[in-house]
Each structure stands twice: as C-alpha cells, then as structure tokens.
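Encoded as structure tokens, here's the structure I'll be asking about.
The values are calculated or read from the model by the stated rules, or taken from the named source; none is laboratory data. This is a predicted model, so every value here is computed, not measured. A quick note on method: Cβ atoms are made from the backbone with ideal geometry, for glycine too, and the neighbour counts reach across all protein chains shown.
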Amino acid sequence: MHPAFATWEDPAESLESVENRIHDGVPKERLRTRAQAYVNTFARLFPWSLPGPGGRVMEIGSGLGYIMEAAVQKLNPSTVVGLDVSASMIENAKRRLARDGVETTALDFRLYDGVEIPYEDNSFDFVYSAATIQHIPKAYAYNLLFEIARVLKRAGFADLHFVSHSLLPDHLRLFPLKQECLRQIRNEVGHWHVFYSHEELLYVLLFGIEVGWISVQEENRSLWAIFRKDREVDFCNETTLTCQAGPLRCS
C-alpha cells in the first residue's frame with residue numbers, strides 16, 4: 001500500500017476516532033449536510049450528467065459512506081458501489097451506516113489497490129468522487145482517470161472534485177509547503193495534499209486520457225470536472241454549455 005493510502009487504514013481505530021479525524025473538523029451533526037452539498041453541486045453545475053433512476057453508480061473514495069447516502073437520496077440508483085483503498089474504512093462505513101439506521105439495500109463496498117478498479121469495462125452509468133482525489137499522488141490520480149474512463153459505459157459520465165491551486169494561501173497556513181514537500185519526498189504516511197489547475201485537467205483529460213467530452217469549472221477554490229468518453233454530443237443545452245465540433249466538446 002502506498003504511504004498516502006496507508007493513513008486511511010488502521011484496523012484498531014474506532015469509528016468515532018475515524019469520524020473525527022478524516023472530516024476536517026466538521027462536527028458530526030453537519031456531515032450529512034456537507035455530503036448533500038457535494039452531490040447538489042454536481043447536480044447544479046452539470047444536471048445533464050446525472051444518471052436516470054435505476055442507474056449503476058460508483059463513488060471513488062467512499063470513506064464512511066456519507067456521500068453514498070446522499071447519492072442514493074438524490075439519484076435513486078439501483079446500486080452505489082463505494083470503492084476504497086482501506087479495508088478498515090469500509091468496515092467502519094458499515095458500522096456507521098448501521099449506527100445511523102441507514103437503509104443499505106442499494107449500497108455496496110469494494111476494496112481496491114489504488115491502481116486498478118476491480119470491475120469490467122463499461123460497467124457503470126455514473127462515477128463520481130468528492131474530497132478524495134486531493135489526497136492521491138498525482139501519478140495515481142492520473143491513472144485513476146484512465147480507470148474511470150474504462151469502467152464507464154459508452155454514454156456514462158464522470159463527475160469529479162479536485163482542489164484548486166487557488167486554495168494554497170489558506171492551506172499553507174496549516175500545512176507549510178516545505179512540510180508538504182518533505183512528506184511526499186520521504187513517502188511518509190499522512191494526509192498528502194495535491195492541487196490542480198483548470199488547464200491541467202483539460203489537457204490531461206483531452207490529450208492524455210482522450211475522453212470525448214469535458215467541462216471544468218472552478219467554484220469556491222475547488223475544480224469540478226465532468227467528462228464523458230462518448231464523443232457524440234446529443235445532450236448539450238445551449239443555455240448552459242458552449243459546444244463545438246472539435247475534440248474539445250464543451251468547456
């Protein structure tokens with residue numbers, strides 16, 4: 001396991017400790033509201049990307065399942081698969097859902113190695129991730145984009161949240177840049193923080209991953225990126241999108 005992933009894996013840590021540690025100090029009573037805000041932002045920025053009822057959905061980095069819970073309420077899918085690199089996190093997610101009396105019929109969890117998503121090609125209608133990719137080393141994150149594109153169905157969408165470089169001034173008050181660099185150089189276990197730019201995501205997705213359609217928007221010092229591997233653009237709404245015929249479908 002990569003050191004950046006190992007921070008999430010501690011079989012001895014209690015659910016209460018995990019809940020306090022991984023959520024940036026947000027009080028427990030506000031975690032559902034925060035999770036709903038992530039899903040609602042995807043829905044507000046990219047409403048045409050959401051799957052219809054009964055779709056097959058995956059979350060990358062499911063943590064304790066709060067956003068999965070919100071996704072079930074918003075999307076009414078047949079299944080939401082929570083993909084996580086930590087077996088103990090998955091077990092704590094199941095405990096959290098049981099503790100909070102959450103209906104889990106549509107919820108499933110799957111452990112993976114951070115490299116290869118353990119599903120066949122063209123398996124999912126919709127893949128999303130929020131507050132996760134910022135903690136993944138960049139080469140692993142780029143590889144993850146390939147994997148997401150692989151498991152998406154032909155007309156499926158991926159909605160992804162990244163942290164923008166514009167957050168750096170605030171971030172550096174808590175995590176000095178030198179400290180952040182040395183943690184990664186030394187491969188230390190801990191919360192790694194990786195930042196992105198609008199142009200970087202456009203070029204990586206367009207020319208590296210070679211997706212058929214992409215849009216990236218910055219809001220509240222976060223980057224919200226959406227892509228579809230199908231090159232046909234039959235869903236564009238001119239009131240919300242600017243579409244063109246070249247390889248960059250929407251921006």
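Name, by its number, the condition in (1) surrounded by fewer than 15 Cβ atoms within 10 Å (Cβ to Cβ); (2) touching a helix residue (DSSP H, G or I) at 6+ places or on another chain (Cβ under 6 Å); (3) part of a strand (DSSP E or B) that does not hold for residue 108.
Result: residue 108 fails condition (2) only.
Kindly check whether there is at least one residue in the range 128-145 that is without any contact (Cβ under 8 Å) to a residue 60 or more places away in the chain, touching a strand residue (DSSP E or B) at 6+ places or on another chain (Cβ under 9 Å) and not in a loop (DSSP other than H, G, I, E, B).
Within the range 128-145, the first condition is being without any contact (Cβ under 8 Å) to a residue 60 or more places away in the chain, and the residues that meet it are 138-139, 141, 143.
Adding the requirement that they be touching a strand residue (DSSP E or B) at 6+ places or on another chain (Cβ under 9 Å) leaves 138, 141.
Narrowing the set further to residues that are not in a loop (DSSP other than H, G, I, E, B) leaves 138, 141.
Within the range 128-145, one or more residues are without any contact (Cβ under 8 Å) to a residue 60 or more places away in the chain, touching a strand residue (DSSP E or B) at 6+ places or on another chain (Cβ under 9 Å) and not in a loop (DSSP other than H, G, I, E, B).
Here's another thing I want to ask about it. Taking the options 50, 75, 64, name whichever one is closer than 24 Å to residue 191 by Cβ and surrounded by 13 or more Cβ atoms within 10 Å (Cβ to Cβ).
Details: 50 fails: closer than 24 Å to residue 191 by Cβ; 75 fails: closer than 24 Å to residue 191 by Cβ.
Just one listed residue meets the conditions, 64.
Okay, moving on. Which residue pairs have Cβ atoms under 8 Å apart, sit 6 or more places apart or on different chains, and have a first residue in the range 187-204 that is closer than 10 Å to residue 216 by Cα and a second that is surrounded by 15 or more Cβ atoms within 10 Å (Cβ to Cβ) and hydroxyl-bearing (Ser, Thr, Tyr)?
Matching pairs, first to second residue: 197/164; 198/164; 202/251.
OK, next. Kindly indicate whether residue 19 is closer than 30 Å to residue 182 by Cα, of a type in the set (Asp, Glu) and part of a loop (DSSP other than H, G, I, E, B). Spell out how you get there, then give the answer.
Details: closer than 30 Å to residue 182 by Cα: yes; of a type in the set (Asp, Glu): yes; part of a loop (DSSP other than H, G, I, E, B): no.
Considered against the rule, which asks whether it is closer than 30 Å to residue 182 by Cα, of a type in the set (Asp, Glu) and part of a loop (DSSP other than H, G, I, E, B), residue 19 comes out as no.
How many of the residues making up the range 24-48 are under 18 Å from residue 89 (Cβ atoms) and without any contact (Cβ under 8 Å) to a residue 24 or more places away in the chain?
Final tally of qualifying residues: 3.
What residue, among those in the range 186-214 that are part of a strand (DSSP E or B) and at pLDDT below 95, is surrounded by the fewest Cβ atoms within 10 Å (Cβ to Cβ)? Talk me through it step by step, then tell me what you get.
Keep residues of the range 186-214 that are part of a strand (DSSP E or B), which gives 196, 213-214.
With at pLDDT below 95 added as a condition, the list becomes 213-214.
Values: 213: 24, 214: 21.
Within the range 186-214, the match that is surrounded by the fewest Cβ atoms within 10 Å (Cβ to Cβ) is 214.
Give the range 205-223 a look and list any residue that's touching a residue at least 40 places away in the same chain (Cβ under 8 Å) and among the hydrophobic types (A, V, I, L, M, F, W, C), or say none.
Scanning the range 205-223 gives 205, 206, 209, 211, 223.
Another question, then. Taking the range 16-42, which residues are hydrophobic (A, V, I, L, M, F, W, C) and surrounded by fewer than 17 Cβ atoms within 10 Å (Cβ to Cβ)? Steps first, please.
Going through the range 16-42, the residues hydrophobic (A, V, I, L, M, F, W, C) turn out to be 18, 22, 26, 31, 35, 37, 39, 42.
Matches in the range 16-42: 26, 37.
Hey, another quick one. Among 101, 82, which is in contact (Cβ under 8 Å) with a residue 24 or more places away in the chain and closer than 23 Å to residue 38 by Cα?
On the way: 101 fails: in contact (Cβ under 8 Å) with a residue 24 or more places away in the chain.
Result of the check over 101, 82: 82.
Going residue by residue through the range 152-167, is there one that turns out to be in a strand (DSSP E or B), in contact (Cβ under 8 Å) with a residue 40 or more places away in the chain and of a type in the set (Phe, Trp, Tyr)?
yes
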